[in-house]
Every structure is written in C-alpha cells, then in structure tokens.
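To start, the structure itself, in structure tokens.
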Amino acid sequence: MVKYILQRILYMIMVFFIITLMCFVLVRMLPLPVLPPEDPHTTVVLMRREALGYNEPYLAQFWLFLKNIFTNWDWGLSEKLYFGQNVWDIFVGKLPASMIVNLYSIIGSIPIGIGLGIFAALKKNTWIDYAISTLTMVVISVPSFVYAFLIQYIFCFKLQWFPFLMAGGTNYFTWKMFLSLIPPVMALSFGTIAGFARTTRAELTEVLTSEFMLLARTKGLTRTQATVRHALRNCFVVIVPAVFGQFIGILGGSLIIEGIFSIPGVGGLTLNAIKGLDYNIFMLSTCFYTAIGLAASLVVDVSYGFIDPRIRMGSKK
C-alpha cells in the first residue's frame, strides 16, 4: 500500500509538471498585455518581466518561474485585472467565497443523493425506481448553468424569494448572506445529488442481489436488518471515496456558476483572467485546479484500501 501511494504521488507530480509546462509555454506564446504608461506600477511590472527572462527561451523562462515559486513562493504580479498587486494574495482572498458555496452544496446534496439512491434500490423495478432513475439521468445530462438561469427566473424573478446575486461583504454567516447563497448552492447541488443517487442505486442494487445477502436472510434477518448491517456497508466502499473527492473539490469553485451569481471566488477570478488576458493569475489558477484534481484522484484511490482492508492497491494478486 505504501509503495502504491508513493508511486501515485510520483506520477501525480510528473503529470502536474507536464500540464504546467504545456500551459506555461502556450501562455507565453500569446501577446503580452499592453501596460498603461501613466501607472506607477508599470515600471515595476516591466522590471519583473525582465527579471523573469521574457526574452529568454521558454524552458529558461519556465525554470525561473519554478525557481521563484519554490524559493520565494512568488507567483508574480497581476498585469491587467489588479494591476501591480501580488497574484497569490489576490487568489487567497478569493478562496473563502468559493469554499463556503461549495461546502453548503456538498453538505446538502450528499445525504439527499445517497438517500434517493437507497430508496430507488429498495424499490427496484417499481414506478418510484423508474422515476428517480429517469430524473437522475435528466439532471446529469443538463449543464449546471441551465439550472442557474431557471433558478434565477423562478425563485429570484417570479417568486422573489432570493436576490439575483450574492450579497456583498465577507461575513458569510449572516442571514442575508445565507439567503443570497441559496440560489448558487441549489444550482451546484443538482448534479451532485444526481451523481450520488445513480452511484448508490447501482451499487446497492448489485449488493442486494448477491449471495451473502440471501444467506443473511436465511439466517433470520429481516430485509431492513440485512440491508443496514451488510448491504450498506459494502455499498459505502464505493460511495465514501466519492464523498472524499467531493470535499477535496470544495476549493475549486465553479467557473460558470460564480460568474452568473457574481460570487467573488476563484472560479470567477479564473474566468476574468482568461477574458482579461491576465496571464499570471491564469497560471496560478491552472496550477491550483490541476493540483486539486490530482489530489482528489489520489485521495479517492487510496481511500479504497483504508475503507475495505480486502482491497490492496497495486497488488498483483
């Protein structure tokens, strides 16, 4: 198990550097943003460009980019959106908004999704199962931004229950802020609920038809007892790692949803950096999202072995 984890970490680091190098070269091939000559920060930005070797070959530039990160944790200065400000400080300031929205979404959607999946499995081949399964497939097939527009139209415009956009400020635990967060949380939750419902239903249906469940029933256990004591425990071997992956992903935010509801998070920052050609912010966002995705994949894979000791990752047998 330890050997497998070390191998995965090495592969993760290798993939991270390959993706970072590709994005770095592609970004440096683009034309540089024009700097305002009257701004006092222009001289500082130009000096930093010279220090980072913008006229050097791409590999030399990439080496300086990595050197600044690992020695000084210096991701550069914003050259467009927040002209002259430190990119890392800007990014850290945007993280709480993304985390709170995604955390609310996960806390609400995981139990609902798992509950619907269990209910559908226990009512297999009934109209309830068909209704939940059909609704799940429809929800998964529709992009989250479609739900965002529908929620805004129905709940914010027609019913006027919630504001269209997220409330201003950084106090995320007031009632006003909570109400303004409900629409984006709902838009983010639909896909997660449907995903967990489908996974739980598929796993639990397979477990309920297995031989050890028949043996448990013949020993005198009721269907509810056999389901709770045996079926759900085996079903959660697949579900719990997915939950871990979802919690790792709360840092990532949502590019489209944050833009629709004006959430000042890392997703909206990344989208604005792409539109505004702020390359340093884009590189930090790219590295961040790549690291989050790779870390979530590693946590999900490794958690299988801890949840079920019978699973041995990397074993040849």
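Check whether at least one residue in segment 83-106 is in a loop (DSSP other than H, G, I, E, B), aromatic (Phe, Trp, Tyr) and open to solvent by 50 Å² or more (accessible area, probe 1.4 Å), and report yes or no. Looking through segment 83-106, none of the residues is in a loop (DSSP other than H, G, I, E, B), aromatic (Phe, Trp, Tyr) and open to solvent by 50 Å² or more (accessible area, probe 1.4 Å). Among the conditions (1) charged (D, E, K, R); (2) farther than 23 Å from Tyr82 by Cα; (3) open to solvent by less than 40 Å² (accessible area, probe 1.4 Å), the only one that Arg49 does not satisfy is (2). Screening Pro57 on (1) closer than 20 Å to Ser297 by Cβ; (2) modelled with pLDDT of 80 or more shows it passes everything except condition (1). Scanning segment 273-286 for residues that are out of contact with any Asp or Glu (no Cβ under 7 Å at 6 or more places or on another chain), surrounded by 18 or more Cβ atoms within 10 Å (Cβ to Cβ) and not hydroxyl-bearing (Ser, Thr, Tyr), we see that the one that is modelled with the lowest pLDDT is Ala273. Taken together, the residues in segment 30-53 that are part of a loop (DSSP other than H, G, I, E, B) and under 14 Å from Tyr279 (Cα atoms) amount to 7. In segment 178-200, is there at least one residue being over 21 Å from Ser133 (Cα atoms), in contact with a Ser or Thr (Cβ under 8 Å, 6 or more places away or on another chain) and surrounded by fewer than 21 Cβ atoms within 10 Å (Cβ to Cβ)? No, segment 178-200 contains no residue that is over 21 Å from Ser133 (Cα atoms), in contact with a Ser or Thr (Cβ under 8 Å, 6 or more places away or on another chain) and surrounded by fewer than 21 Cβ atoms within 10 Å (Cβ to Cβ).
If I ask for residues that are touching a residue at least 24 places away in the same chain (Cβ under 8 Å), among the hydrophobic types (A, V, I, L, M, F, W, C) and part of a loop (DSSP other than H, G, I, E, B), which ones from segment 67-82 would you list? Hits for segment 67-82 are Trp75, Leu81. If you check Leu66, Leu77 for being within 28 Å of Asn280 (Cβ to Cβ), in contact with a His (Cβ under 9 Å, 6 or more places away or on another chain), open to solvent by less than 60 Å² (accessible area, probe 1.4 Å) and of a type in the set (A, V, I, L, M), only one passes: Leu77. Of the residues contained in segment 190-201, none is found to be free of Cβ contacts under 8 Å to residues at least 12 places away in the same chain, among the basic types (Lys, Arg) and not in a loop (DSSP other than H, G, I, E, B). The set of residues from segment 54-63 being part of a helix (DSSP H, G or I) and open to solvent by less than 50 Å² (accessible area, probe 1.4 Å) comprises Ala60, Gln61, Phe62. Screening the candidates Met22, Met29 for the property of being over 26 Å from the mean Cα position of the chain (by Cα) and of a type in the set (A, V, I, L, M, F, W, C) yields one hit, Met29.
Every test in (1) surrounded by 15 or more Cβ atoms within 10 Å (Cβ to Cβ); (2) touching a residue at least 24 places away in the same chain (Cβ under 8 Å); (3) outside any helix (DSSP H, G or I) is passed by Val139 save one, and that test is (3).
The values are calculated or read from the model by the stated rules, or taken from the named source; none is laboratory data. Remember, it's a predicted structure, so these values are computed and weren't measured experimentally. Cβ sites come from the backbone with ideal geometry, for glycine too, and all protein chains shown count toward neighbours. Areas reflect the complete protein model, heavy atoms only, side chains present, ligands, DNA and RNA absent. Shrake-Rupley method; radii C 1.70, N 1.55, O 1.52, S 1.80 Å.
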